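The values are calculated or read from the model by the stated rules, or taken from the named source; none is laboratory data. Since we're looking at a predicted model, the values are computed, not measured. Every residue, glycine among them, receives a Cβ derived from its backbone with ideal geometry; neighbour counts consider all protein chains shown.
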Amino acid sequence: MKLTIAFLFLGLLTASAKGLSQTVTFSGKNIKLTRVFVAIEKQTGYIVFANKNLLKDARPVSLSVKDMPLVDFLNAAFDNQPVDYEINNKTIFIKKKSAPNVVGSLTNEKLVPREIITQTITGTVLSSDGSPLQGATIMIKETKKSVATNADGQFSIDAEANQTLVVSYIGYRTEELAINSRSTINVTLQKLENEIEQVVVTALGITKKSKSLTYNVQEIKGDEVNRVKDANFVNSLNGKIAGATINSSSAGAGSSSRVVMRGVKSINGNNNALYVIDGIPMPNNIRGQAEDIFSGAGQTGDFVSNINPEDIESISVLSGPSAAALYGSAAANGVIVINTKKGSKDKTGVSVTNSTMFSNPLLLPEFQNTYGVSEVGSYYSWGDKLVTPSTYRPADFFQTGLTTSTGVTLSTGTAKNQTYVSLGNVYSRGIILNNNYGRSNFTARNSTAFLDGKLNLDIAFNTAMVNEQNMITQGQYFNPLIAAYLFPPGDHFDRVQAFERFDPSRNLMTQFWPYGDNGFMIQNPYWVTQRDLFQNKKQRYMTTLAAKYNLADWINVSVRAKMDKDNEKDEKKFAASTNTLFASENGYYSLNSLDTRQIYADGLVSINRTFMTDYTLIANAGVSVEDVQFDQYLFGGKLQGVANLYTYANVNRSVADISQGGYHKQKQSAFASAQLGYRSMVFLDATARNDWASTLAESQKASFFYPSIGLSGVMTDLFHMHSDKLSYLKIRASYSEVGNEPDVFLTIPTYSLAGGFPVTQTRMPNPDLKPELTKSWEIGLNAALFRGALKIDGTIYSSRTYNQFFQPTLSSASGFTSVIVNAGRVDNRGIEVSARYSHKFYGIQWSSYLNYSLNQNKIVELLPGWTNPVTGEIVSLHELDMSGTGSYKMVLKEGGSMGDIYVNTLKTDEHGAIYVDPGSQTVIAEPNKFIYAGNNNPKYNVGWGNSLQWKGINLNFLFTARVGGIVVSNTQAVLDAFGVSKQSADARDAGGALVNGRPIPAKEYYSVVGAGASGGIASMYCYSATNVRLAEVSVGYDLPVKKWTKFIKDANVSLVGRNLFLLYNSAPFDPELTSNTQTYFQGIDYFMMPSIRSLGFSLKLNF
């Protein structure tokens, strides 16, 4: 509410600005001279008088200027025209040209000519990609005289030898160059980020000017995600966009990421953002996540982690449903649009890049090394104090990780044909022994224009080959950290390193581990990493074909088709003498094959038309179909006759793991969007989409409609408020309704098989099922201050998500086990603010950005009541237990929030103090009594990034902060119970653990609060999730290679780092790390892999 008042106040304040400007801002190519006159009249208040006969031979004008003085603008517009002008009393008279051009200035509303003795300066203005800039402004700083470049980017201007040229073009950084008696000056302008007139890619790959948007879109250039590389580029977005909470998986390099925009909305559905590549949605394959104290081994990356970041041109982030509404039932969670590179026009370039990063753990629990083992053969460390501190450090179990990323790209082409080819390779050796990741990418893309540019074809092929080994996030099973962390100080860890010994009776090597599993399935940590293998191999192929035909200069038709095919084989190989819970005495083998195939096609008619001089209409209408098929085949089991022979023939079929599954779903859609603009100052947006989804087959309403509407106004143009302080102000508002498609088989009753026979009971069919529906609105502003040096984007939003999916249990009298019903409501509201500032001082170019986002979530309603049509029974749900470890769980309650954490606790007395038994001096656990601990989501996120450039030296750094939220560490509890934590040693040194301000025996205390495989008493191990870190740093130098060779165009070498320091953190683990990239099991550490600090170097060469 406060932000809304601020928006209104700013609008009223700036609306009071008086007077009309004598400067002109204009951008266009081949624009009729009469339309230039209209722009002059709107912006300056001058009136233009002209005879139509004089204008019949006038040439089209191509100019791109910002705040140019009126006379200079007129001189540029009338350059090489058969007509001239004269100004008198705020009236511009058009007349036949009869005299040479003169340079003038406005004095008392009259043009006063004066001659200047000069030399002629010529040159060319190019874009950073090498293309000429037509209509760029060349101005003499001292006299304000200016000219514009022609179609080839060339210019000619008369100036004095000691004057300065100012070269500008909308969307590019302005350059000042001293003439210094030169007669030829060539200039290359660099593109500006987030410029007002910037064109951004929105839903379905539709490009729009950012000025015309009625919702918030954030764009990030590919260089931003490639500066400090991550095997999964999504992690590089953290801190760089507002409105998104990004958590990286603890599984390491190449693993999936959790991206939640504007809060968690779905109780039982997907909450991750939708990924779109070049306008085409990508299927979601997140699976196999940790959800209890056992799971976490054998993880894999998601589809987006297979993308080569070198192929990314830019990323558009559609954080709100209004921006993503054209995607219908997939749009509720926001969209990340990935725009890939194309070939270059009229030039050839080869780029070679390499990034080499070394890594180690960023944060580990604190361990003690002064108290020894409780007794011989024990794994507990409650023994006497050691005479000499132990030299064993759990940190020594980790190795130095290594990640190398190498890429080669070729970009070439002509005006009609462009080609882009890239090769990429990533290899990562994790900080855990034998944890490896490898990915090879190949991309080829060709864009061709036919029929004088009317027909454009775009063909692309991408492939990714991925190998993953021993990716683990947390849990007891196959987790080497449990043995390494709990190993007793004073014992000999070098014995453990000899993890296998020859068994002459079996004639093979077997595991050496004399300590037992201690109730945690502990095995020798080196055996787990070397002999219990989880190996994933993936082959992914993507082929895209797009064609666009221009029926006229204002209408075109386009079609696109894409096939995305992924073949994955996941193998498990457990060697003989692995814990018998997992394998026979001869081992275990399984092969899980997963095949995903997506076919997508759409057709689109697009219109961009100006009518009645002042109005523009941009409209799109089309249809699409998405067909996804998934097949899964698993066979495996404990090995039977031959040890360590990993084949189907050696699997004991009587206890084999056999499964076959899959689905085939299709979604057909029709959609349309329209934008009506008035004088490029007011824009009205509307979109509509209707989906027919097979996942809603057999329901009464299988078709659903999703609308959106938006309105924006450029206040600085509407009320003529341009000034040096306020360059630009736009107010926008939008409303949308979008969905979240249900999972497969919810509307169709299915019967599982048991022993080859169908189970007779199943879910009750519900013909009234609907997709989840999110209704949202947002209000925002986009402002540019101080001649565009400071840009501020602010948004407030609110959303309500209805039709949540619940599966209550039914009584046996109904004949069904359960039913899927729609109910519930989850609300989110929040604020997003982004600010960017650019300034040049003392030759240093400084750019800084700040992102802030706050979200508040509330569960308004769960299942208030559903009547069973068979029995009449009323079923309701007002509380749901989701997932947990036994001492920690996530609970949903009406009035609560998504992400609420509940923990078990100790017995307390009548005053609320912890109860201590007076006789035994111990505390008493109440393991089944759960209390509210807090919410795992942050109150707000902040990212602050900076870039400084000076004489080829560039420095970039990013700080991120997450404030609020709580996390729980079951790891710390178990370390305390086993007596290996520093905290347990400090308590012994202090004479006991402090409870209610008094010491009690440490061993007895920690044996209660930390005991048990479920993680002890979690209320004693809750921590603030607030943290501040130095997230990225790069220090680079542009080598002066042109002095040495003409073969290399430019070269850069940089020192780079990621996740370098935690400036503030109170938890014993990284609170931003997660072992589950879906909705639940968040904010919990159960022997989770540590986050990593990476430091290395990068090299980039352009030929």
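Run down Val819, Val759 and say which single residue is over 23 Å from Gln675 (Cα atoms), surrounded by fewer than 16 Cβ atoms within 10 Å (Cβ to Cβ) and either out of contact with any helix residue (DSSP H, G or I) (no Cβ under 7 Å at 6 or more places or on another chain) or not assigned by TED's automatic domain parsing to the domain that holds Asn851 (or both). Don't jump to the end; show me each part of the working.
Values: Val819 fails: surrounded by fewer than 16 Cβ atoms within 10 Å (Cβ to Cβ).
Result of the check over Val819, Val759: Val759.
Would you pick out the residues in segment 615-661 that are part of a strand (DSSP E or B), among the small types (Gly, Ala, Ser) and either touching a helix residue (DSSP H, G or I) at 6+ places or on another chain (Cβ under 7 Å) or within 30 Å of Arg679 (Cα to Cα) (or both)? It would help to see each step written out before you state the result.
Our first condition is that a residue be part of a strand (DSSP E or B); within segment 615-661, this holds for 615-639, 651, 657-661.
Checking which are among the small types (Gly, Ala, Ser) leaves us with 619, 621-622, 624, 636-637, 659, 661.
Those that are part of a strand (DSSP E or B), among the small types (Gly, Ala, Ser) and either touching a helix residue (DSSP H, G or I) at 6+ places or on another chain (Cβ under 7 Å) or within 30 Å of Arg679 (Cα to Cα) (or both): Ala619, Ala621, Gly622, Gly637.
Determine if segment 415-422 includes at least one residue that is of a type in the set (A, V, I, L, M) and at pLDDT below 95. Yes: segment 415-422 contains one or more residues that are of a type in the set (A, V, I, L, M) and at pLDDT below 95. Once segment 752-775 is narrowed to residues that are in contact (Cβ under 8 Å) with a residue 24 or more places away in the chain and of a type in the set (Val, Ile, Thr), the residue that is nearest to Val655 (Cα to Cα) is Thr762. Only one of the numbered conditions (1) assigned by TED's automatic domain parsing to the domain that holds Val260; (2) crowded, with 24+ Cβ neighbours inside 10 Å is violated by Ile312, and that is (2).
If you filter segment 257-299 down to residues that are surrounded by fewer than 23 Cβ atoms within 10 Å (Cβ to Cβ) and hydroxyl-bearing (Ser, Thr, Tyr), you find that the one that is nearest to Lys665 (Cα to Cα) is Tyr275. Within segment 468-487, none of the residues are in a strand (DSSP E or B) and either of a type in the set (Gly, Ala, Ser) or not assigned by TED's automatic domain parsing to the domain that holds Ser577 (or both). Would you check which residues across segment 1056-1095 are free of Cβ contacts under 8 Å to residues at least 60 places away in the same chain and assigned to a loop (DSSP other than H, G, I, E, B) and list them? The answer is Ser1066, and nothing else. Once segment 642-656 is narrowed to residues that are of a type outside the set (S, T, N, Q) and closer than 20 Å to Arg531 by Cβ, the residue that is nearest to the chain's Cα centre (by Cα) is Tyr646. Once segment 954-975 is narrowed to residues that are of a type in the set (Val, Ile, Thr) and in contact with a strand residue (DSSP E or B) (Cβ under 7 Å, 6 or more places away or on another chain), the residue that is surrounded by the fewest Cβ atoms within 10 Å (Cβ to Cβ) is Val963. Every condition in (1) modelled with pLDDT of 95 or more; (2) out of contact with any Asp or Glu (no Cβ under 9 Å at 6 or more places or on another chain); (3) closer than 25 Å to Thr647 by Cα is met by Pro525 except one, and the failing one is (3).
Given the options Thr580, Thr596, name the one that is in contact with a Pro (Cβ under 8 Å, 6 or more places away or on another chain) and not aromatic (Phe, Trp, Tyr).
Of the residues listed, the single one that is in contact with a Pro (Cβ under 8 Å, 6 or more places away or on another chain) and not aromatic (Phe, Trp, Tyr) is Thr596.
Residues considered: Arg439, Arg506, Arg501. Of these, the only one that is in contact (Cβ under 8 Å) with a residue 40 or more places away in the chain, over 22 Å from Asn369 (Cα atoms) and assigned to a strand (DSSP E or B) is Arg439.
Lys840 falls short of the stated requirement of being within 32 Å of the chain's Cα centre (by Cα) and modelled with pLDDT of 95 or more. With the condition kept exactly as written, say whether any residue in segment 469-480 is of a type in the set (S, T, N, Q) and surrounded by fewer than 21 Cβ atoms within 10 Å (Cβ to Cβ). There is at least one residue in segment 469-480 that is of a type in the set (S, T, N, Q) and surrounded by fewer than 21 Cβ atoms within 10 Å (Cβ to Cβ). Suppose the filter is under 28 Å from Arg836 (Cβ atoms) and either in contact with a Ser or Thr (Cβ under 9 Å, 6 or more places away or on another chain) or not in a strand (DSSP E or B) (or both); does Ser699 pass it? No: the conditions fail for Ser699.
Go through Gln598, Gln539, Gln530 for me and flag whichever is surrounded by fewer than 18 Cβ atoms within 10 Å (Cβ to Cβ), polar (S, T, N, Q) and assigned to a strand (DSSP E or B).
Details: Gln598 fails: surrounded by fewer than 18 Cβ atoms within 10 Å (Cβ to Cβ); Gln530 fails: assigned to a strand (DSSP E or B).
Within the list Gln598, Gln539, Gln530, the selection yields Gln539.
When each of Thr391, Thr409, Thr414, Thr403 is tested for being out of contact with any Gly (no Cβ under 6 Å at 6 or more places or on another chain), in the same structural domain as Gln535 (by TED's automatic domain parsing) and surrounded by fewer than 16 Cβ atoms within 10 Å (Cβ to Cβ), the lone residue that passes is Thr414. Checked against the criterion of being in contact (Cβ under 8 Å) with a residue 40 or more places away in the chain and on the phi > 0 side of the Ramachandran plot, the candidates Gly407, Gly519, Gly430 yield just one match: Gly519. Looking only at segment 923-934, decide whether some residue is touching a residue at least 24 places away in the same chain (Cβ under 8 Å), in a loop (DSSP other than H, G, I, E, B), touching a helix residue (DSSP H, G or I) at 6+ places or on another chain (Cβ under 8 Å) and over 28 Å from Asn1065 (Cβ atoms). Yes, the conditions are met somewhere in segment 923-934. Of the strands (runs of 3 or more DSSP E) lying entirely inside segment 942-1025, the ones with 1 or more residues being over 39 Å from the mean Cα position of the chain (by Cα) and on the phi < 0 side of the Ramachandran plot are found at 993-995, 998-1000.
Looking at segment 86-101, can you tell me whether even one residue there is of a type in the set (A, V, I, L, M, F, W, C), within 27 Å of Asp724 (Cα to Cα) and at pLDDT 80 or above? Checked against the condition, which is being of a type in the set (A, V, I, L, M, F, W, C), within 27 Å of Asp724 (Cα to Cα) and at pLDDT 80 or above, segment 86-101 yields at least one hit. Could you please let me know if Ile121 is at pLDDT 80 or above, closer than 27 Å to Tyr169 by Cβ and crowded, with 20+ Cβ neighbours inside 10 Å? It is true that Ile121 is at pLDDT 80 or above, closer than 27 Å to Tyr169 by Cβ and crowded, with 20+ Cβ neighbours inside 10 Å.
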